[in-house]
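S.K.: Questions regarding the structure given below will be posed in turn.
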Amino acid sequence: MTFSIRKALKTDMPQVLNLIKELAVFEKEPDAVEVTEAELIEQGFRDHPAFQCFVADVNNKIEGIALVYKRFSTWKGEVLHLEDLIVSQNMRGKGLGEALLNQVVIYGNQLGVKRISWEVLDWNEPAIKFYQNKGANVMRDWNVVQLDEQGIKNYLSKL
């Protein structure tokens with residue numbers, strides 16, 4: 001099987017969104033995806049894009065994505081955040097995930113970032129092992145903290 005890793009195009013966004021929805025089902029949150037194809041295009045392809053997306057293209061079908069964006073660490077400086085690395089269920093174990101992660105690391109190095117970071121669910125042991133085998137430090141003593149849209153509204157209502 002042959003595939004290529006490349007930067008996403010606007011025309012890839014329907015397939016990118018399908019993979020995002022597939023990930024939501026895998027992570028047991030099938031109704032959590034709110035982003036739209038139009039938002040992906042608007043945010044990813046403007047003058048100063050909110051994110052960069054790499055795709056794994058297999059015979060003109062997007063079978064994997066890696067979506068990243070720059071952040072700033074008060075300890076390190078500029079860092080790259082890997083929001084999601086997704087490979088379609090039927091294509092796992094064929095090298096797409098490794099190739100996408102390789103591209104993210106190459107891209108981060110080209111940007112000169114001091115760190116690349118991402119989260120992984122604690123029950124996703126295959127992903128954890130994959131990342132550890134690549135030399136990543138899985139920091140199990142940290143918790144992800146979020147305020148969703150309703151949480152923001154609730155917070156502000158108490159000010």
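S.K.: Filter the range 1-31 down to the residues that are within 21 Å of Ala99 (Cα to Cα) and of a type in the set (Ser, Thr, Tyr), then identify the one that is surrounded by the most Cβ atoms within 10 Å (Cβ to Cβ).
M.R.: Ser4
S.K.: Give the number of residues within the range 82-113 that are polar (S, T, N, Q), without any contact (Cβ under 8 Å) to a residue 60 or more places away in the chain and under 19 Å from Val25 (Cα atoms).
M.R.: Residues in the range 82-113 being polar (S, T, N, Q), without any contact (Cβ under 8 Å) to a residue 60 or more places away in the chain and under 19 Å from Val25 (Cα atoms): 1 in total.
S.K.: How about the range 124-159: which of its residues are among the β-branched types (Val, Ile, Thr) and either within 30 Å of Gly95 (Cβ to Cβ) or touching a Lys or Arg at 6+ places or on another chain (Cβ under 7 Å) (or both)? Step through it out loud before you land on a result.
M.R.: The first filter runs over the range 124-159 and keeps only residues among the β-branched types (Val, Ile, Thr), leaving 128, 138, 144-145, 152.
Passing the criteria: Ile128, Val138, Val144.
Quick grid of which residues meet (1) at pLDDT 95 or above; (2) within 16 Å of the chain's Cα centre (by Cα):
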| position | (1), (2) |
| --- | --- |
| Arg6 | yes, yes |
| Thr11 | yes, no |
| Leu19 | yes, yes |
| Pro30 | no, no |
| Val35 | yes, yes |
| Asp47 | yes, no |
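S.K.: Checking the condition free of Cβ contacts under 8 Å to residues at least 60 places away in the same chain, surrounded by 14 or more Cβ atoms within 10 Å (Cβ to Cβ) and closer than 25 Å to Gln43 by Cβ, which residue from Tyr131, Tyr155, Tyr69 passes? Give the derivation first.
M.R.: Working: Tyr131 fails: closer than 25 Å to Gln43 by Cβ; Tyr155 fails: surrounded by 14 or more Cβ atoms within 10 Å (Cβ to Cβ).
Only one candidate qualifies: Tyr69.
S.K.: Shifting gears a bit: Only one of Val120, Val145, Val79 is touching a helix residue (DSSP H, G or I) at 6+ places or on another chain (Cβ under 9 Å), over 13 Å from Ile5 (Cβ atoms) and without any contact (Cβ under 8 Å) to a residue 24 or more places away in the chain. Can you tell me which? Break it down into steps so the answer makes sense when it comes.
M.R.: Working: Val145 fails: touching a helix residue (DSSP H, G or I) at 6+ places or on another chain (Cβ under 9 Å); Val79 fails: without any contact (Cβ under 8 Å) to a residue 24 or more places away in the chain.
Only one candidate qualifies: Val120.
S.K.: Hey, does the range 32-53 have a residue that's part of a strand (DSSP E or B), crowded, with 19+ Cβ neighbours inside 10 Å and hydrophobic (A, V, I, L, M, F, W, C)? Talk me through it step by step, then tell me what you get.
M.R.: Taking the range 32-53 as the starting set, the residues that turn out to be part of a strand (DSSP E or B) are 52-53.
From the residues that got through so far, the ones that are crowded, with 19+ Cβ neighbours inside 10 Å too are 53.
From what is left, the residues that are hydrophobic (A, V, I, L, M, F, W, C) are 53.
Yes, the conditions are met somewhere in the range 32-53.
The values are calculated or read from the model by the stated rules, or taken from the named source; none is laboratory data. It should be emphasised that the depicted structure is a prediction, and the values quoted were computed from it without experimental measurement. Positions of Cβ are backbone-derived with ideal geometry, glycine not excepted, and every protein chain shown enters the neighbour counts.
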